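The values are calculated or read from the model by the stated rules, or taken from the named source; none is laboratory data. Just so we're clear, the structure is a prediction, and the values are computed from it rather than from any experiment. Every residue, glycine as well, gets a Cβ built from its backbone with ideal geometry; the counts of neighbours run over all protein chains shown.
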Amino acid sequence: MQTFNLLKPNRDNIKNYSIFGSFLVLVSLIDVISNAFLKINLTSFLPGSLTTLFPLIIGLIGLNMMRIDYSGNKTLDLLNKNINTNNFNALLTLLILFSIIKALPQSLSWMILDATISGDSKDACTGTGACWTYIKVWFRRFMYGMYPNEFHWRINTAFILVIALGFVGYFMKENLKKYLALYYVIIYPVIAYLVIYYLISGGSFGLQWVETGAWGGLSLTFIVSFFCLIFCFPLGMIFALGRRSNLPVIKYISICYIEFWRGVPLITVLFMSSVMFPMFLPEDFFMDKLVRVIIAITLFEAAYCAEVIRGGLQSLPRGQYDAAKSLGMGYWKMHIFVILPQALKLVIPGIANTFLALVKDTPLIFVVGLAELAGMLALAKTNPKWLGFAMEGYIFASIVFWIICYAMSKYSYNLEAKYKTER
Amino acid sequence: MSDPIIKIQNMNKWFGDFQVLKNINLEVEANKKIVVCGPSGSGKSTLIRCINRLEEHQEGDIIVDGNELSEKTKDIEKIRADVGMVFQQFNLFPHLSILDNCTLAPIWVKKMPKKEAKELALDQLKKVQIDDQANKFPGQLSGGQQQRCAIARALCMQPKIMLFDEPTSALDPEMIKEVLDAMVSLAKGGMTMIVVTHEMGFAKEVADEVIFMDEGMIIEKAVTKEFFANPKSDRTKLFLSQIL
């Protein structure tokens with residue numbers, strides 16, 4: 001007996017059913033698109049609420065008609081497997097599609113079609129769209145903060161130098177490879193510090209002194225993130241090992257350190273570093289605010305790194321320790337050659353997580369008067385000549401941060417793939 | 001014969017409140033092969049882990065190659081370097097190639113020049129017949145190959161004593177043979193060996209003495225032939241009847 005089900009295809013009639021089904025889905029999409037883009041209501045002949053629901057119903061019927069366990073047609077199977085497994089998923093698929101279509105025209109016209117980018121003052125922005133002129137005019141400020149315009153080449157040169165030095169590891173000769181860790185943990189940060197100090201701060205070699213208060217924008221984001229990242233990782237490693245140490249003094253110092261820094265909010269740490277810390281210093285001792293802030297963030301993030309790394313250390317089977325010990329390796333050899341290489345490989349995702357959070361936490365330094373990218377936005381949006389463009393600014397900042405963070409996470413995936421040797 | 005290379009006197013060990021080893025007395029002379037057997041949980045593994053101090057004993061003395069093992073032992077690494085160990089779970093370093101697994105300790109612990117270490121490692125790998133796998137990673141090898149690599153890795157330190165902690169228990173029956181073959185040829189080369197195993201065939205072939213342990217005590221210790229021919233204690237008889 002053949003059960004009569006008009007909406008259920010079988011293997012024989014799937015071709016006709018899928019063609020008709022996709023036609024129905026197409027109709028529903030056309031209806032929504034014409035509604036959103038052309039403001040034409042194709043189904044105005046239908047009564048009231050049925051008009052709004054029409055594309056949804058038609059789409060659902062269409063998808064239902066296309067649904068079959070296995071058809072042999074690759075595209076159809078892919079579709080059924082991923083977005084059309086049951087009525088609920090079909091509904092979700094349609095709703096998501098429709099909302100994207102509905103949102104597109106407004107955002108497109110605001111961001112691109114009606115937007116302004118010409119001119120160099122607020123008066124150019126007369127349209128209803130976004131005012132990218134604002135970003136264009138303020139671009140240098142967003143990148144370099146209050147750093148004098150004629151010296152921007154110093155920041156650029158410093159960054160190029162620092163990046164170039166970072167790639168030295170790739171070109172190092174084979175017999176120097178064993179010093180690589182030493183280079184990245186100690187020598188590189190020192191060189192980078194000197195480069196940034198002499199080039200960006202200036203004060204010698206005929207370069208005019210620019211105090212750190214004038215630094216800002218994206219370049220400051222980079223400087224703060226860079227130093228915090230390279231210092232907090234080794235520090236975190238030390239505390240992770242410390243927490244697992246058999247020596248009670250080291251163990252409890254590490255635990256106290258980690259629990260203290262994990263327990264206080266970053267914003268209070270920043271306040272303390274900039275306001276309270278100088279009070280404890282001797283009269284004639286001066287430490288730049290930027291340096292203090294970098295140290296504060298480093299210590300703060302090191303605690304998080306430590307816990308992530310400890311997780312990796314704990315996930316290694318005890319046999320690895322046994323094997324290393326049985327070969328006569330002491331604590332340091334065992335950790336350097338056997339334990340850490342494996343543990344650090346395991347924690348790449350966790351470390352990437354921490355580092356991304358760190359980069360996105362840098363805007364907090366605004367509270368102590370250092371204006372990196374987001375800080376410059378906050379300053380710019382309150383400028384009397386440029387009131388009312390906060391939206392453009394924040395979209396710009398979001399895009400910039402997203403690009404940085406996405407690049408970082410991509411890099412971490414690469415590292416994971418590169419060091420994958422087992423399993 | 002000179003002094004025994006391993007000497008254990010009145011040794012006791014606890015895990016918390018639980019006493020795992022009770023009044024162990026054992027002497028092993030150089031070049032002797034000892035097989036330790038017994039039901040699981042009898043403390044066999046703990047005993048040989050005590051010999052290179054992967055476990056600490058609480059009472060009694062353990063003297064390995066003239067060095068007493070205790071909390072005061074400063075250069076425990078030096079003693080361990082002379083005592084090779086092979087584990088049930090192989091415990092190869094998964095992030096290093098087979099060759100690097102073998103050369104790591106000679107280079108960094110024994111300060112052997114890299115070239116020499118590599119030659120030694122290839123030589124040892126050849127003896128266990130996996131020199132053609134030298135550049136692969138442990139994860140790409142079968143269990144038997146991994147265990148043979150682990151044996152080669154331990155031998156690269158040129159130890160005086162080799163400890164085997166159930167080296168074939170995690171292997172397929174087919175792979176057990178290749179590992180046992182490697183161990184037999186090592187035994188015939190004159191190495192001092194203490195082997196925890198259930199492979200009675202291996203015991204009969206190479207062991208000088210067999211020790212039977214139960215509940216943390218050495219129940220019986222006898223020359224191999226004697227051990228299998230007429231075991232003295234009832235517990236040993238029962239065990240042998242079940243395992244043979």
Out of the residues in region B:52-75 meeting the condition of being crowded, with 19+ Cβ neighbours inside 10 Å and of a type outside the set (S, T, N, Q), tell me which one is nearest to the other protein chains (Cβ to nearest Cβ). B:54
Yes or no: residue A:356 closer than 30 Å to residue A:267 by Cβ and either in a loop (DSSP other than H, G, I, E, B) or within 10 Å of another protein chain (Cβ to nearest Cβ) (or both)? no
Residues in region A:398-410: is at least one under 19 Å from residue A:226 (Cβ atoms), within 14 Å of chain B (Cβ to nearest Cβ) and of a type outside the set (D, E, K, R)? no
Among the residues that make up region A:191-207, is at least one of them among the hydroxyl-bearing types (Ser, Thr, Tyr) and within 23 Å of residue A:402 (Cβ to Cβ)? no
Among the residues in region A:156-173, are any of a type in the set (D, E, K, R), more than 23 Å from residue A:361 (Cβ to Cβ) and exposed (fewer than 13 other Cβ atoms within 10 Å of the Cβ)? yes
All positions within region A:119-166 that are over 30 Å from residue A:230 (Cα atoms), part of a loop (DSSP other than H, G, I, E, B) and either of a type in the set (Val, Ile, Thr) or in contact with a helix residue (DSSP H, G or I) (Cβ under 6 Å, 6 or more places away or on another chain) (or both): A:119, A:120, A:125, A:126, A:128, A:129, A:130
Residue list for region A:219-237, restricted to those being more than 27 Å from residue A:146 (Cβ to Cβ) and crowded, with 17+ Cβ neighbours inside 10 Å: A:232, A:233, A:235, A:236, A:237
Determine the pairs where a residue that is among the charged types (D, E, K, R), located within region B:216-230, has a partner that is part of a strand (DSSP E or B) with Cβ atoms under 6 Å apart, the partner being 6 or more residues away or on another chain. B:220/B:212; B:221/B:211
What about residue A:43, is it farther than 30 Å from residue A:137 by Cα and either modelled with pLDDT under 80 or under 34 Å from the mean Cα position of the chain (by Cα) (or both)? yes
Is region B:168-176 home to any residue that is within 16 Å of the chain's Cα centre (by Cα), within 13 Å of chain A (Cβ to nearest Cβ) and outside any helix (DSSP H, G or I)? yes
Filtered residue count, region B:89-114, keeping only those that are more than 10 Å from chain A (Cβ to nearest Cβ) and hydroxyl-bearing (Ser, Thr, Tyr): 1
Would you pick out the residues in region A:301-330 that are facing chain B (nearest Cβ under 7 Å) and in contact with a helix residue (DSSP H, G or I) (Cβ under 9 Å, 6 or more places away or on another chain)? A:320, A:322, A:323, A:325, A:326, A:327, A:328, A:329, A:330
Just one listed residue, out of A:54, A:45, is in a loop (DSSP other than H, G, I, E, B) and either hydrophobic (A, V, I, L, M, F, W, C) or over 30 Å from residue A:109 (Cα atoms) (or both), and it is A:45
Does residue B:117 count as among the small types (Gly, Ala, Ser), within 30 Å of residue B:4 (Cβ to Cβ) and within 13 Å of chain A (Cβ to nearest Cβ)? no
What's the total number of residues in region A:363-374 that are assigned to a helix (DSSP H, G or I) and surrounded by 23 or more Cβ atoms within 10 Å (Cβ to Cβ)? 3
Given the condition more than 10 Å from chain A (Cβ to nearest Cβ), of a type in the set (A, V, I, L, M) and free of Cβ contacts under 8 Å to residues at least 40 places away in the same chain, answer yes or no: does some residue in region B:128-146 qualify? yes
Could you tell me which of the residues A:348, A:297 is closer than 27 Å to residue A:264 by Cα, among the β-branched types (Val, Ile, Thr) and surrounded by fewer than 22 Cβ atoms within 10 Å (Cβ to Cβ)? A:348
The number of residues in region A:85-99 that are within 14 Å of residue A:56 (Cα to Cα) and without any contact (Cβ under 8 Å) to a residue 24 or more places away in the chain is 5
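For every residue, the table says whether it meets (1) within 25 Å of residue A:224 (Cβ to Cβ); (2) modelled with pLDDT under 90; (3) assigned by TED's automatic domain parsing to the domain that holds residue A:349; (4) outside any helix (DSSP H, G or I).
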{"site": "A:251", "(1), (2), (3), (4)": "no, no, yes, no"}
{"site": "A:261", "(1), (2), (3), (4)": "yes, no, yes, no"}
{"site": "A:275", "(1), (2), (3), (4)": "yes, yes, yes, no"}
{"site": "A:279", "(1), (2), (3), (4)": "yes, yes, yes, no"}
{"site": "A:285", "(1), (2), (3), (4)": "yes, yes, yes, yes"}
{"site": "A:291", "(1), (2), (3), (4)": "yes, yes, yes, no"}
{"site": "A:297", "(1), (2), (3), (4)": "yes, no, yes, no"}
{"site": "A:310", "(1), (2), (3), (4)": "no, no, yes, no"}
{"site": "A:313", "(1), (2), (3), (4)": "no, no, yes, no"}
